[in-house]
Amino acid sequence: MLRSDVVVIGAGPCGLFQVFELGLQGLSVTVIDALGESGGQCINLYPDKPIYDIPAIPEISAADLTGQLMQQIEPFNAEFLFHQRVIGIQGEAGDFKVICASGLSIACSAVIIAGGAGAFRPVKLKIEGLEQLEGRSVFYKVQDKEIHRDKHLVIVGGGDSALDWSLALRGVAASVTLIHRSDRFRAHPVTIKAMQESCAQQEMLFFQGRIIDYVAEQTTLKSVRVKGRDQVVRTAQLDHLLVFFGLTPDSTGYESWGLELYQKQIKVRTDSFATNRKGIYAVGDINYYPGKRKLILSGFHEAALAAFAIKEQLEPTRKATLQYTTTSPLMHQRLGKHPDLPDMANQYPATQPQ
Ligand SMILES: Cc1cc2nc3c(=O)[nH]c(=O)nc-3n(C[C@H](O)[C@H](O)[C@H](O)COP(=O)(O)OP(=O)(O)OC[C@H]3O[C@@H](n4cnc5c(N)ncnc54)[C@H](O)[C@@H]3O)c2cc1C
């Protein structure tokens, strides 16, 4: 079984900065996210939008913020487990098992929930019976491009994912047809232009309309019926249907995890961001305390204090002293700035916690 000092549930901006703060404390971390990449709301809801209220960064896109957080935590070699949805936490402080829907479990001494707006799941194309074809002929994400090699693809959606995958799969698939209900797209202008040029060069086809029905033989999709802007219904033969309608947060049943809630948010104390369950902490948008504001910078502060609290939980005879990253040789060593220095962790005297 996988084991680390701490499991962080959620790879949004606050979960990522939590890895940094735990790394400074010398703790090993496994990060689990239901999605296929880190960044949480930033990457999934507004990647290209600028953020103006990250301290000392006058303007940064949400995607770049995620990229910089990933770069900042590189020295700590955290383990990332994507496409894993956590459904519960068994055990007690010092000996937890974090359980995923896939059956995977990770052992750890403390848990930080940075679940934000919840585990995102794809918005489905609502046509009766289509769910039975998921994973065979109908897909809501591309995990392996090779599955679509030499297939006739219909891709639905008008955002970055639909357009990016249409372009990326041109050379792999036998054909790519993009269907969107409007000729206005929610994608990056560069991507829209690339798609339009690709259509002009007959590398792919764009059709304005919406899918109203399908024909399948057992688990194999044969065709979809598409109602165009002119109200005419046409049939498109296909092998695979790829749907990119964006993501929606899926609420996690934290009550069943034994956690005290306030309006679906996890109640925490503000000196440590500990929940009512010993050894389990919550930071970022998911937590609640009087005065809580759901801002990235709030989560960054919470992550720092939670890391100190966990360090003291794991080493109760030693006070987790504050050390500046500018001047502390120990911090430099953990950040990989002076890897040749001898191990410094024990040069700091043990003190009784206050
Ligand atoms: C359009 C928009 C603009 C915004 N602009 C700003 C801004 O300018 N400044 C600002 O400070 N804030 C802004 N915010 C808010 C900001 O994005 C959030 O405060 C921030 O994303 C919270 O980060 P987080 O890490 O707590 O959670 P999230 O970003 O929500 O990430 C949580 C992650 O946890 C995962 N997860 C949840 N439950 C589970 C589970 N059970 N198992 C596995 N994984 C799970 C999710 O998949 C997700 O990836 C904006 C939000 C939106 C929607």
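The values are calculated or read from the model by the stated rules, or taken from the named source; none is laboratory data. Because the structure is a prediction, the values reported are computed rather than measured. Note: ideal-geometry Cβ built from the backbone for every residue, glycine included; neighbour counts use all protein chains shown. Surface accessibility is based on the protein's heavy atoms, side chains included, excluding ligands, DNA and RNA. Shrake-Rupley method; radii C 1.70, N 1.55, O 1.52, S 1.80 Å.
Do the conditions hold for SER272, that is, is it part of a loop (DSSP other than H, G, I, E, B) and surrounded by 16 or more Cβ atoms within 10 Å (Cβ to Cβ)? Steps first, answer last, please.
Working: part of a loop (DSSP other than H, G, I, E, B): yes; surrounded by 16 or more Cβ atoms within 10 Å (Cβ to Cβ): yes.
It is true that SER272 is part of a loop (DSSP other than H, G, I, E, B) and surrounded by 16 or more Cβ atoms within 10 Å (Cβ to Cβ).
Can you pull out every residue in region 89-103 that is of a type outside the set (Lys, Arg) and either at positive phi or open to solvent by 60 Å² or more (accessible area, probe 1.4 Å) (or both)? Break it down stepwise before answering.
Of all residues in region 89-103, those of a type outside the set (Lys, Arg) come to 89-96, 98-103.
Correct list: GLN90, GLY91, GLU92, GLY94, ASP95, ALA101, SER102, GLY103.
Just a yes or no: is a residue in region 188-198 in contact (Cβ under 8 Å) with a residue 12 or more places away in the chain and open to solvent by 40 Å² or more (accessible area, probe 1.4 Å)? Lay out the reasoning, then the answer.
First, pick out the residues of region 188-198 that are in contact (Cβ under 8 Å) with a residue 12 or more places away in the chain: 188, 191-192, 194-195, 198.
Imposing the further condition that a residue be open to solvent by 40 Å² or more (accessible area, probe 1.4 Å) reduces the set to 188.
Looking for residues that are in contact (Cβ under 8 Å) with a residue 12 or more places away in the chain and open to solvent by 40 Å² or more (accessible area, probe 1.4 Å), one finds at least one in region 188-198, hence yes.
For region 1-55, which positions are among the hydrophobic types (A, V, I, L, M, F, W, C), modelled with pLDDT of 95 or more and part of a strand (DSSP E or B)? Quick ask: steps written out before the conclusion?
Step one: filter region 1-55 for residues among the hydrophobic types (A, V, I, L, M, F, W, C), giving 1-2, 6-9, 11, 14, 16-17, 19-20, 22, 24, 27, 29, 31-32, 34-35, 42-43, 45, 51, 54.
Next cut, modelled with pLDDT of 95 or more only: 6-9, 11, 14, 16-17, 19-20, 22, 24, 27, 29, 31-32, 51, 54.
Passing the criteria: VAL6, VAL7, VAL8, ILE9, VAL29, VAL31, ILE32, ILE51, ILE54.
Could you check region 275-285 and list, in sequence order, the residues that are open to solvent by 10 Å² or more (accessible area, probe 1.4 Å) and within 16 Å of the ligand (Cβ to nearest atom)?
Let us first name the residues in region 275-285 that are open to solvent by 10 Å² or more (accessible area, probe 1.4 Å), namely 275-278, 281, 285.
Residues satisfying the conditions are THR275, ARG277, TYR281, ASP285.
For SER109, indicate whether it is open to solvent by 60 Å² or more (accessible area, probe 1.4 Å) and assigned by TED's automatic domain parsing to the domain that holds PHE20. Even if it seems obvious, please write down each step before you answer.
Values: open to solvent by 60 Å² or more (accessible area, probe 1.4 Å): no; assigned by TED's automatic domain parsing to the domain that holds PHE20: yes.
Spelling it out, it is not the case that SER109 is open to solvent by 60 Å² or more (accessible area, probe 1.4 Å) and assigned by TED's automatic domain parsing to the domain that holds PHE20.
Would you pick out the residues in region 106-156 that are under 30 Å from GLY279 (Cα atoms) and more than 16 Å from the ligand (Cβ to nearest atom)? Write out each step before concluding.
In the first step, residues of region 106-156 are kept if they are under 30 Å from GLY279 (Cα atoms); the result is 106-121.
Within region 106-156, ALA107, SER109, ALA110 qualify.
Quick check on my filter: what residues within region 238-281 are of a type in the set (Val, Ile, Thr) and modelled with pLDDT of 95 or more?
Applying the first criterion (of a type in the set (Val, Ile, Thr)) to region 238-281 yields 243, 248, 252, 266, 268, 270, 275, 280.
Passing the criteria: VAL243, ILE266, VAL268, THR270, THR275, ILE280.
Within region 164-186, count every residue that is over 20 Å from ILE211 (Cβ atoms) and in contact with an Asp or Glu (Cβ under 8 Å, 6 or more places away or on another chain).
2
Considering only region 129-155, state which residues are of a type outside the set (D, E, K, R), open to solvent by 10 Å² or more (accessible area, probe 1.4 Å) and in a strand (DSSP E or B).
Initially, region 129-155 is screened for residues of a type outside the set (D, E, K, R), giving 129-130, 132-133, 135, 137-140, 142-143, 147-148, 152-155.
Cutting the leftovers down to open to solvent by 10 Å² or more (accessible area, probe 1.4 Å) gives us 129, 132, 135, 139-140, 142-143, 147, 152.
Matches in region 129-155: PHE139, HIS152.
Looking only at region 56-67, filter to residues that are in a helix (DSSP H, G or I) and not polar (S, T, N, Q); which one of those is farthest from the ligand (Cβ to nearest atom)?
Filtering region 56-67 down to residues in a helix (DSSP H, G or I) leaves 62-67.
When the remaining residues are screened for being not polar (S, T, N, Q), the result is 62-65, 67.
Details: ALA62: 7, ALA63: 12, ASP64: 13, LEU65: 9, GLY67: 15 Å.
Checked region 56-67; the qualifying residue farthest from the ligand (Cβ to nearest atom) is GLY67.
Quick check on my filter: what residues within region 15-42 are over 28 Å from ASP144 (Cα atoms), polar (S, T, N, Q) and within 12 Å of the ligand (Cβ to nearest atom)?
Answer for region 15-42, where residues must be over 28 Å from ASP144 (Cα atoms), polar (S, T, N, Q) and within 12 Å of the ligand (Cβ to nearest atom): just GLN18.
Does SER223 qualify as being within 22 Å of GLU37 (Cβ to Cβ) and either in contact (Cβ under 8 Å) with a residue 12 or more places away in the chain or not assigned by TED's automatic domain parsing to the domain that holds ALA63 (or both)?
Values: within 22 Å of GLU37 (Cβ to Cβ): no; either in contact (Cβ under 8 Å) with a residue 12 or more places away in the chain or not assigned by TED's automatic domain parsing to the domain that holds ALA63 (or both): yes.
The answer is no for SER223.
Sort out which residues of region 71-83 are open to solvent by 60 Å² or more (accessible area, probe 1.4 Å) and away from the ligand (no atom under 11 Å from the Cβ), and write them in order of number.
Hits for region 71-83 are GLN71, GLN72, GLU74, ASN77, GLU79.
State which residue is nearest to the ligand (Cβ to nearest atom) when the search covers only region 286-340 and only residues that are in a helix (DSSP H, G or I), within 29 Å of ILE266 (Cβ to Cβ) and of a type in the set (S, T, N, Q). Quick ask: steps written out before the conclusion?
Just the residues of region 286-340 that are in a helix (DSSP H, G or I), to begin with: 286, 296-314, 329-334.
Okay, now just the ones that are also within 29 Å of ILE266 (Cβ to Cβ), so 286, 296-314, 334.
Now restrict to residues that are of a type in the set (S, T, N, Q): 298, 313.
Values: SER298: 8, GLN313: 21 Å.
Step by step, filter region 286-340, then rank; the result is SER298.
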